Every structure is written in structure tokens, then in C-alpha cells.
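J.: Dropping a structure here in C-alpha cells format, bear with me for questions.
The values are calculated or read from the model by the stated rules, or taken from the named source; none is laboratory data. Quick caveat, the model's predicted, so the values are computed rather than measured. Cβ atoms come from the backbone with ideal geometry, glycine included; neighbour counts cover every protein chain shown.
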Amino acid sequence: MDGITIALSKGRIFDETLPLLAAAGIEPLENPETSRKLIIPTTRDDVRLVIVRATDAPTYVQYGAADIGVAGKDVLLEHGGDGLYQPLDLKIAKCRMMVAIPAGFDYANAVRQGARLKVATKYINIAREHFAAKGVHVDLIKLYGSMELAPLTGLADAIVDLVSTGSTLKANNLVAVEHILDISSRLIVNQAALKLKREKIVPILDAFASVVGP
Ligand code: ATP
Ligand code: MG
């Protein structure tokens, strides 16, 4: 394919990428929230969007099925970033990776005592590194969603999850106890595509950069 394929996930990443696409003269011809189509043409006949699961965006770009994509730092850290060029922090979909516990659990004391903690998360690699760096012993339990449920049911003592407003934690009587890292979404580019389709990709990167600012 001579044109450019851009991998985006539905929801916040799609919504917050729209103004960046517009700066590159790219407007989707269909709304992925209402359309069932997974390949969406745009106002530029050399650019199409593919709608992927957020965690799959790096995989599409890594293998060149998409030339460009947008992925959260969380997703990139779990994926590993192999074969991906990450030229730009888009400063969208901002949130924080946190450790959270049920209100009333004395986490600091458990850590001090050297207790072995059960931690449920979708972010196994990020959690493993975080607790290893702190010297905290953990058994990690992989979940695919609704992490907040794990401490409430006795599945885990703590969770590692993304927090933005904190209202989901609060609604489930959980409190954040450690900030692991700040998260935002990055532009990802297939390294071979960047070489072969440079004259099409670089202006898109420049347009995005001009909206994002320094
Ligand atoms: P789903 O919610 O359908 O299970 P997902 O969690 O993989 O899918 P999104 O919720 O759209 O996908 O999240 C996409 C990206 O947005 C995440 O990888 C993360 O970087 C960021 N993100 C996740 N939750 C929040 C949040 N509450 N506020 C801001 N950004 C977030
Ligand atoms: Mg989500």
C-alpha cells in the first residue's frame, strides 16, 4: 500500500487525536463509535484509519500493518516498543499509574514487615519493575479489566491501575498509595515505513508536533 495507514483505538485516544489529524488535513469520513467499520477512509485519499484495541496499536505498527499509531505509555511499556520509533509525546489521554489499596489496609506497615503482597493488575511488567525497585515482595495476578474488584473480593491486597480523577477508586472504597509514573499517549511509527514513505510521514509528524507544542 502506497498510502498511509494510521492505527487508533476508539474512545479517548481517537477523540483526542482528531485535532492533531485535522492539522495534517486528515478528517475521518465515518465515526468509529457508531460505524461498525474497522477501516475508516479520510478526507485524504492517501490516508486511512484502522480501529484497533488500545493494547494492539503497537503490534499493528511493529509489523507494518499500520505505518503510524497512537498508544499510551502504559501500553508501550507492556509491549516493549520493539521495532517502534516513538518521536513524539502527544500529551493526550493523561493519567497516572498508581498502586491502590482498600481504605484501612496498612500498606506501609505491611511493606515494612516484609509481607508478601498479592497485587492484581493488567500491567504486569510495570508492576514487576516497580516493586522490584522498591524491594517489595509481590505475587502478581494478571487481570484484563475491573482491577478495582480484586481487593474487594479478596483476590488481591492491592492493585496497580491507571487513575485520572480518582472517582472509580473512591466509588470502590480504595485509596491510591503510590504514584508509579505519569502516563500520556505517544505517536508510534514503523521504522521501515519511515524510511520508505518519508515524504508522506514526516509532514504528518510535523503537523502533529505543531499542535502539541514544545
Ligand atoms: P477498555 O477500556 O475498552 O478495556 P483500554 O483500557 O485498553 O480499553 P482505553 O480505556 O481507551 O483503552 O485507554 C486507552 C489509553 O488511554 C490507555 O492505554 C491509557 O494510556 C489511557 N487511559 C486509560 N484510562 C485513562 C483515564 N482514566 N484517563 C486518561 N487516560 C486514560
Ligand atoms: Mg479503559
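J.: Looking only at residues in segment 89-99 that are surrounded by 18 or more Cβ atoms within 10 Å (Cβ to Cβ) and either at positive phi or more than 15 Å from ligand 2 (Cβ to nearest atom) (or both), which one is nearest to the chain's Cα centre (by Cα)?
T.: Ranking the candidates gives 93 first.
J.: If you don't mind, another one. Which number in (1) touching a residue at least 24 places away in the same chain (Cβ under 8 Å); (2) among the polar types (S, T, N, Q); (3) not assigned by TED's automatic domain parsing to the domain that holds residue 63 marks the one condition that residue 191 misses?
T.: (3)
J.: Tell me the residue from 77, 8, 21, 49 that is surrounded by fewer than 19 Cβ atoms within 10 Å (Cβ to Cβ), modelled with pLDDT of 95 or more, within 21 Å of the chain's Cα centre (by Cα) and assigned by TED's automatic domain parsing to the domain that holds residue 190, please.
T.: Just a single option satisfies the conditions, and that option is 77.
J.: If we scan segment 111-121, do we find a residue that is within 16 Å of ligand 2 (Cβ to nearest atom) and modelled with pLDDT of 95 or more?
T.: For segment 111-121, residues within 16 Å of ligand 2 (Cβ to nearest atom) and modelled with pLDDT of 95 or more: present.
J.: What are the residue pairs meeting all of these: first residue in segment 56-70, first residue touching a residue at least 60 places away in the same chain (Cβ under 8 Å) and on the phi > 0 side of the Ramachandran plot, second residue polar (S, T, N, Q) and not in a helix (DSSP H, G or I), Cβ atoms under 6 Å, and 6 or more apart or on different chains?
T.: Pairs found: 64/190.
J.: How many of the residues making up segment 26-40 are closer than 12 Å to residue 14 by Cβ and basic (Lys, Arg)?
T.: Of the residues in that region, 0 qualify.
J.: In the set 34, 59, which member is farther than 21 Å from residue 201 by Cβ, away from ligand 2 (no atom under 16 Å from the Cβ) and β-branched (Val, Ile, Thr)?
T.: After applying the criteria, what remains is 34.
J.: Next question. Filter segment 133-166 down to the residues that are charged (D, E, K, R) and not in a loop (DSSP other than H, G, I, E, B), then identify the one that is nearest to residue 92 (Cα to Cα).
T.: Looking at the filtered set, the residue picked out is 161.
J.: Only one of (1) surrounded by 15 or more Cβ atoms within 10 Å (Cβ to Cβ); (2) charged (D, E, K, R); (3) more than 16 Å from ligand 2 (Cβ to nearest atom) is not met by residue 27, so which one is it?
T.: Every condition holds for residue 27 apart from (1).
J.: Out of 81, 114, 104, I need the residue that is within 25 Å of residue 192 (Cα to Cα) and not hydroxyl-bearing (Ser, Thr, Tyr). Which one?
T.: Residue meeting the stated conditions: 81.
J.: From the list 175, 163, which residue is more than 14 Å from ligand 2 (Cβ to nearest atom) and touching a helix residue (DSSP H, G or I) at 6+ places or on another chain (Cβ under 8 Å)?
T.: Criteria check complete, one pass: 175.
J.: If you don't mind, there's one more thing I want to ask. For residues that are hydrophobic (A, V, I, L, M, F, W, C) and surrounded by fewer than 23 Cβ atoms within 10 Å (Cβ to Cβ), tally how many sit in segment 151-170.
T.: 5
J.: Sticking with this structure for a sec: Search segment 132-149 for residues being surrounded by 11 or more Cβ atoms within 10 Å (Cβ to Cβ), in contact (Cβ under 8 Å) with a residue 12 or more places away in the chain and within 16 Å of ligand 2 (Cβ to nearest atom), and hand back the single one that is farthest from the chain's Cα centre (by Cα).
T.: Filtering segment 132-149 for residues that are surrounded by 11 or more Cβ atoms within 10 Å (Cβ to Cβ), in contact (Cβ under 8 Å) with a residue 12 or more places away in the chain and within 16 Å of ligand 2 (Cβ to nearest atom), the one farthest from the chain's Cα centre (by Cα) comes out as 149.
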